[in-house]
There are 2 protein chains.
Amino acid sequence: MVHNILYAQSGGVTAVINASACGVIETARRFPQKFGKVFAAQEGILGVLREQLYDLSVEDPAQIAMLRHTPGGAFGSCRMDIGSPDTHPEQYARLVDVFKAHDIGTFFYNGGGGSMLTAAKVARFARAHGLDLTVIGVPKTIDNDLSLTDTSPGFGSVAKYIATSVREVSLDLAAMCGTSTKVFILEVMGRHAGWLAAAAGLAFEGDDTPLLILMAEIEFEPQRFLAALHDKVAQHGWCVVVAAEGLMCNGQFCTLAAESEIFGHEQLGGLAPLLAKLTRDAGYKTHWAVSDYFQRSARHLSSRVDVEQAYACGAAAVSLAAKGKTDVMVAIRRTSDVPYLWTLDAVHLDQVADIELPVPAEYIRADGFGITQAARHYMLPLIQGEDSPPFRDGLPVFAKLKLQYTPAKLPPFEV
Amino acid sequence: MVHNILYAQSGGVTAVINASACGVIETARRFPQKFGKVFAAQEGILGVLREQLYDLSVEDPAQIAMLRHTPGGAFGSCRMDIGSPDTHPEQYARLVDVFKAHDIGTFFYNGGGGSMLTAAKVARFARAHGLDLTVIGVPKTIDNDLSLTDTSPGFGSVAKYIATSVREVSLDLAAMCGTSTKVFILEVMGRHAGWLAAAAGLAFEGDDTPLLILMAEIEFEPQRFLAALHDKVAQHGWCVVVAAEGLMCNGQFCTLAAESEIFGHEQLGGLAPLLAKLTRDAGYKTHWAVSDYFQRSARHLSSRVDVEQAYACGAAAVSLAAKGKTDVMVAIRRTSDVPYLWTLDAVHLDQVADIELPVPAEYIRADGFGITQAARHYMLPLIQGEDSPPFRDGLPVFAKLKLQYTPAKLPPFEV
């Protein structure tokens, strides 16, 4: 019996989430005896509730193939979770209506820990109500904080972007430090986990490098930081500081430490300018940068391993569904460090839903300002290989989809 | 009669200034009957005064070749100008001593308008004192504000980086705007000229795009900006704002408009957070980024045209010197737009020294928030082609020089 597929993207997008979409869509086509049409919800679960479903059968396969190298979220993503069946029964009733109206037999939800919670809720509801719905999670997050998977597609590319950019900028700083800037501060994403800051450690080899990493896992102590910075500048002439946006001091986000003793007065937000004030007050000419969305959309510098894993996770989700598996998330298993070998596996959605893992203690150098060799061994395989998108007329060319809704069959629904 | 060459880098470095160095060094080797050793001063004119000269004859030619794809300034750069012969006669006497001590017959100075003033001063002094010294300027600046040259090596690569990054991030924003961020603000370099902000215009085709450019050339008017932003968000659902750091309001840098009516209270510096406050107060969820040094060191995304021009300018400087030309800067002449064709020429140092050209009015759209087709025709050729550095183990590999001083022959000199 052939039913349709519904795929949706959720949470902050990445440089490779569309590669997972590509894996889902292209693989589904290989199982015509199992799957009918592939729909994509606009803006994740929101589009399901609103019955805004793109019919991907009208898309040019060449454009679908281009999703593999297109950053962003081609169908729109959302920062929204559904309620519980107890408090929001109308949402679940609506989901069932939409699934039935469009003969959805398989639901793929592509996201991080929060999105896996949404998928788990849908799966639980389906089981409790005897609904014949396959639910498979496809992992995605630049934060690398998903449990039970070697890494999350999205992280490797950001790690490569940050390590490359830091290596490049370090040459700029080395050239200018004699008469100008001595400290360069980069703020990277990471509210609760310092993985992206940690990735900067790959830019240099060895421990004795002109780099200080400020991870979200380590309480920020200004005096200890300035002492370490002083040592680095004395030794190398300059220093790069890479800080996770979620850096904490005195038990709260440094960026919220308004009117604090440390930073003096109210700020507009942004950790990098706060740290820059600190280092300037300490006498160092300082430049600072905030990568923000660039780090997660820089598809021009993606890791080939990351792209391959993202695509493979999408493809494996379809294979799992074809084999009758449900209520699981695709997970990456590392079978060898050197060479980096991995396979795909399935873990129950409940085991990964809403869990955020920090950088483990054994990956953080004793002084708290760097990474260990173990961290390097773990991360280095994830940034291997280049996978440039095609360029035309000097700029990368990305997929352009028609994004045509399948006709709605239900009355509108207010979310 | 064979004399030695002294090459030096000055001002803010770029992703391709070392390609010019490579052009100088490799070309000088082809004229053994004209030139002896090639020395490079550490940190520009400062290293000349200090007699800190690297002897490049000890370097591995393979590493010299790698300079072509190495960002930063391999010999160190400086933010320093020399005085005039009247007020600082000791500096000029010292320069002559150093040139004579190391048998320097040719001095190549690689920099922007300010650096060309330094070169011009040295040239004028040499002429006035009958010193047999050839002085050639090699153009370099990301700001694209040098006169009498089609462009400045360094600009094309930053323009490509900004246009690519904006195109990528626009897909992120398009995916998230439904439930999250609607405005993304990028602060780019450009104290006095808005060329880098203008380059963002290449990210999209046509006029009707979700992009507002804030160039240094156009006085910033908050209400007019917010009205334009409102229109963009209403039409597209989101908008990217790219602002030159030198944006002016009420006759001063916006970033210095402390306690102003516009921005409320004192800030730490940084235009992007100021603009983000404005757009958030107007009700838009906003993200912001500051590229800072990344934009000028992102060699992984350089324009091939830019790299070729940088190398060719270095090579041409040597050819000009070999032909007996002096007191000139190498300039790029555009001979055709499509296909982009260019040749190299020489302009007198006095014609380019200390001149900073803004973006011409005909390149700025009537509403002040975008670029014209003429600007597009001018800039698009400059970002053509990719020229990736080699990657090893996931990261770009750059030149590693020995940087060995030639023995000093003079007493120390305090600068």
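Which of the residues that make up the stretch B:373-403 are polar (S, T, N, Q) and over 23 Å from the mean Cα position of the chain (by Cα)? Hit for the stretch B:373-403 is B:Gln373, nothing else. Away from every other protein chain (no Cβ under 13 Å), modelled with pLDDT of 95 or more and not in a loop (DSSP other than H, G, I, E, B): does that describe A:Ala375? So A:Ala375 passes the test.
Checking every residue in the stretch B:378-386 against the condition of being closer than 30 Å to B:Ala8 by Cα, part of a loop (DSSP other than H, G, I, E, B) and touching a His at 6+ places or on another chain (Cβ under 9 Å) gives zero matches. Taken across the stretch A:72-90, residues that are crowded, with 17+ Cβ neighbours inside 10 Å, over 23 Å from A:Thr151 (Cα atoms) and modelled with pLDDT of 95 or more do occur, with at least one present. If the condition is being crowded, with 21+ Cβ neighbours inside 10 Å, touching a residue at least 60 places away in the same chain (Cβ under 8 Å) and of a type in the set (Gly, Ala, Ser), then the stretch A:196-237 contributes A:Ala198, A:Ala199, A:Gly201, A:Ala216.
Cβ separations smaller than 7 Å between residues 6+ apart or across chains give the following pairs from the stretch B:77-91 residues that are over 30 Å from B:Val16 (Cβ atoms) to residues that are part of a loop (DSSP other than H, G, I, E, B): B:His88/B:Ile82.
Scanning the stretch A:279-294 for residues that are within 10 Å of chain B (Cβ to nearest Cβ) and farther than 15 Å from B:Tyr293 by Cβ yields a total of 3. Only one of the numbered conditions (1) outside the structural domain of A:Ala322 (by TED's automatic domain parsing); (2) out of contact with any helix residue (DSSP H, G or I) (no Cβ under 6 Å at 6 or more places or on another chain) is not met by A:Phe75, and that is (1). Return the total of residues in the stretch B:2-41 being touching a Gly at 6+ places or on another chain (Cβ under 8 Å), surrounded by fewer than 22 Cβ atoms within 10 Å (Cβ to Cβ) and part of a loop (DSSP other than H, G, I, E, B). Residues that pass the stated criteria total 1. For the stretch B:73-106, residues that are among the aliphatic types (A, V, I, L, M) and in a loop (DSSP other than H, G, I, E, B) total 3.
If you go through the stretch A:354-372 and keep only what is modelled with pLDDT of 95 or more and either over 25 Å from A:Ala228 (Cα atoms) or among the aliphatic types (A, V, I, L, M) (or both), you end up with A:Val359, A:Ala361, A:Ile364, A:Ala366, A:Ile371. Just checking, does the stretch A:124-133 include any residue being among the basic types (Lys, Arg) and within 12 Å of chain B (Cβ to nearest Cβ)? No, that holds for no residue.
Results for (1) modelled with pLDDT of 95 or more; (2) assigned by TED's automatic domain parsing to the domain that holds B:Gln9; (3) assigned to a strand (DSSP E or B); (4) among the aromatic types (Phe, Trp, Tyr), shown as yes or no for each residue.
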residue	(1), (2), (3), (4)
B:Arg124	yes, yes, no, no
B:Asp132	yes, yes, no, no
B:Ile136	yes, yes, yes, no
B:Ala159	yes, no, no, no
B:Ser165	yes, no, no, no
B:Ser170	yes, no, no, no
B:Ala174	yes, no, no, no
B:Gly201	yes, no, no, no
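On the stretch given as the stretch B:270-304, residues that are outside any loop (DSSP other than H, G, I, E, B), within 30 Å of B:Pro396 (Cα to Cα) and not polar (S, T, N, Q) total 12. Of all the residues in the stretch B:360-415, those that are among the acidic types (Asp, Glu) and exposed (fewer than 13 other Cβ atoms within 10 Å of the Cβ) number 4.
A:Arg191 meets the conditions (1) at negative phi; (2) within 14 Å of chain B (Cβ to nearest Cβ); (3) at pLDDT 95 or above in every case but one. The failed one is (3). Comparison of A:Asp367, A:Asp345 shows that the only residue that is outside any helix (DSSP H, G or I) and under 30 Å from A:Ser84 (Cα atoms) is A:Asp345.
For A:Val307, the conditions (1) within 14 Å of another protein chain (Cβ to nearest Cβ); (2) over 24 Å from A:Val135 (Cα atoms); (3) in contact with a Lys or Arg (Cβ under 9 Å, 6 or more places away or on another chain) all hold with the exception of (2).
To keep it simple, each residue is scored yes or no on (1) at the interface with another protein chain (Cβ under 9 Å from one of its Cβ atoms); (2) surrounded by 24 or more Cβ atoms within 10 Å (Cβ to Cβ).
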site: B:Asp145; (1), (2): no, no
site: B:Leu148; (1), (2): no, no
site: B:Ser157; (1), (2): no, yes
site: B:Lys160; (1), (2): yes, yes
site: B:Ser165; (1), (2): yes, yes
site: B:Ser170; (1), (2): yes, yes
site: B:Ala174; (1), (2): yes, no
site: B:Thr179; (1), (2): yes, no
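Of all positions in the stretch B:49-70, at least one carries a residue that is part of a loop (DSSP other than H, G, I, E, B), within 14 Å of chain A (Cβ to nearest Cβ), surrounded by fewer than 24 Cβ atoms within 10 Å (Cβ to Cβ) and in contact (Cβ under 8 Å) with a residue 24 or more places away in the chain.
The set of residues in the stretch A:176-190 that are within 27 Å of the chain's Cα centre (by Cα) and in contact (Cβ under 8 Å) with a residue 60 or more places away in the chain comprises A:Phe184, A:Ile185, A:Leu186, A:Glu187, A:Val188, A:Met189. Would you tally the residues in the stretch B:388-415 being away from chain A (no Cβ under 14 Å) and closer than 30 Å to A:Ser303 by Cβ? Matching residues across the stretch B:388-415 total 0.
The values are calculated or read from the model by the stated rules, or taken from the named source; none is laboratory data. Please read all numbers here as calculations on a predicted model, not as lab measurements. Please note: Cβ atoms are built from the backbone with ideal geometry, for glycine as well, and neighbour counts cover all protein chains shown.
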